[in-house]
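The values are calculated or read from the model by the stated rules, or taken from the named source; none is laboratory data. Source: prediction; values computed, not measured. With ideal geometry, Cβ positions are generated from the backbone for all residues, glycine too; neighbour counts draw on all protein chains shown.
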Amino acid sequence: MRMAVTGKQGQVACSLMEVGPQLGVEIVTVGRPEMDLAAPASVVAALIAHRPDVVVSAAAHTAVDKAESEPDQAFAVNALGAEAVARAAAALGVPVIHLSTDYVFAGDKQAPYIETDPTNPISIYGRSKLKGEQLVASATADHVILRTAWVYSPFGANFLKTMLRLADSRDEVSVVTDQHGSPTSALDLAVAVIAIAKRVVADPDRTMRGLFHLSAGGEANWADFAEEIFRSLVERGGKTVAVKRITTADFPTAARRPANSRLDTGKFRDRFDIVIPDWRASTAVVVDRLIERQGHNS
């Protein structure tokens with residue numbers, strides 16, 4: 001099976017490049033200069049040229065705070081670009097797997113969100129991703145839209161890598177404690193995406209199309225996540241770093257974040273019989289990788 005993945009440097013794209021060959025899937029990443037999500041014509045041409053069996057729409061404008069000052073760019077990539085990817089998949093007659101986000105919700109629900117809960121994004125990034133979901137669904141019925149949350153990996157920029165970098169120079173790090181979610185490894189996501197792709201390529205069953213929530217097992221706040229990262233660091237011979245628990249109000253950002261990013265993954269488990277590991281186990285795996293690569297245990 002050949003899988004075309006939009007984006008070349010993103011966490012999920014890099015993770016798919018790593019795990020794809022191990023799982024018998026040829027991964028082709030498509031990005032600049034061949035393809036620019038902000039230029040829809042280039043998207044269609046680039047994807048059709050690769051003749052994939054399935055398309056994974058992974059590339060996005062993910063600079064959440066920056067999106068507040070450049071909404072046109074965020075919508076061009078996350079909405080119109082996603083639509084162009086879905087239209088290319090439709091032209092090829094293949095399924096598209098589109099990655100979305102917990103940020104489509106306001107975060108004011110007390111329980112984990114299910115797929116049918118009302119959306120009410122509180123940031124430009126969240127609004128642009130929600131519009132992308134809608135356009136993808138309109139462009140092709142042969143779609144799987146996956147909302148995930150708090151993605152980290154050995155690749156790109158993410159919270160886990162930031163914590164390890166700060167550990168090199170600090171003995172204490174301030175981290176917010178009133179935002180809740182499920183830290184999700186992009187490596188685990190990649191394995192799940194490949195399993196999904198194999199199923200939907202082989203089976204036209206409509207119950208395996210549509211919108212699903214997919215995130216790691218367990219839940220945490222950002223301070224919990226940081227403490228687990230630092231605990232894993234100490235176990236591997238690294239220094240001890242304290243976490244100072246603060247509130248969102250103590251750490252203002254340009255874009256508002258949902259206080260509750262927890263996603264109920266029951267529908268996904270029922271349809272695909274796939275479970276992503278608990279976030280703590282996968283955190284340890286990624287910390288191991290980064291210590292080996294960057295020497296954070298010194």
Those residues of region 213-223 that are out of contact with any Pro (no Cβ under 9 Å at 6 or more places or on another chain) and surrounded by fewer than 22 Cβ atoms within 10 Å (Cβ to Cβ) come to a total of 2
Would you pick out the residues in region 113-135 that are in contact with a Leu (Cβ under 6 Å, 6 or more places away or on another chain) and not aromatic (Phe, Trp, Tyr)?
GLU115, THR119, PRO121
For the structure I just gave you, tell me whether GLY107 is buried (at least 23 other Cβ atoms within 10 Å of the Cβ) and modelled with pLDDT of 95 or more.
no
Do any helices (runs of 4 or more DSSP H) lying entirely in region 19-94 carry at least 3 residues that are more than 18 Å from the chain's Cα centre (by Cα), within 20 Å of MET1 (Cα to Cα) and not polar (S, T, N, Q), and which ones are they?
40-50, 82-92
Can you tell which of SER215, SER169, SER174 is in a loop (DSSP other than H, G, I, E, B), out of contact with any Leu (no Cβ under 9 Å at 6 or more places or on another chain) and hydroxyl-bearing (Ser, Thr, Tyr)?
SER169
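Inside region 246-266, can you point out the residues that are surrounded by fewer than 17 Cβ atoms within 10 Å (Cβ to Cβ) and either among the charged types (D, E, K, R) or part of a strand (DSSP E or B) (or both)?
Initial filter on region 246-266 (surrounded by fewer than 17 Cβ atoms within 10 Å (Cβ to Cβ)): 246-254, 264, 266.
Passing the criteria: ILE246, ASP250, ASP264.
Would region 63-78 turn up any residue that is under 29 Å from ASP205 (Cα atoms), surrounded by fewer than 24 Cβ atoms within 10 Å (Cβ to Cβ) and in contact (Cβ under 8 Å) with a residue 40 or more places away in the chain? Steps first, answer last, please.
The first filter runs over region 63-78 and keeps only residues under 29 Å from ASP205 (Cα atoms), leaving 78.
Those left that are additionally surrounded by fewer than 24 Cβ atoms within 10 Å (Cβ to Cβ): none.
There is no residue in region 63-78 that is under 29 Å from ASP205 (Cα atoms), surrounded by fewer than 24 Cβ atoms within 10 Å (Cβ to Cβ) and in contact (Cβ under 8 Å) with a residue 40 or more places away in the chain.
Can ASP203 be described as under 22 Å from ARG269 (Cβ atoms) and surrounded by fewer than 16 Cβ atoms within 10 Å (Cβ to Cβ)?
On the way: under 22 Å from ARG269 (Cβ atoms): yes; surrounded by fewer than 16 Cβ atoms within 10 Å (Cβ to Cβ): yes.
Spelling it out, ASP203 is indeed under 22 Å from ARG269 (Cβ atoms) and surrounded by fewer than 16 Cβ atoms within 10 Å (Cβ to Cβ).
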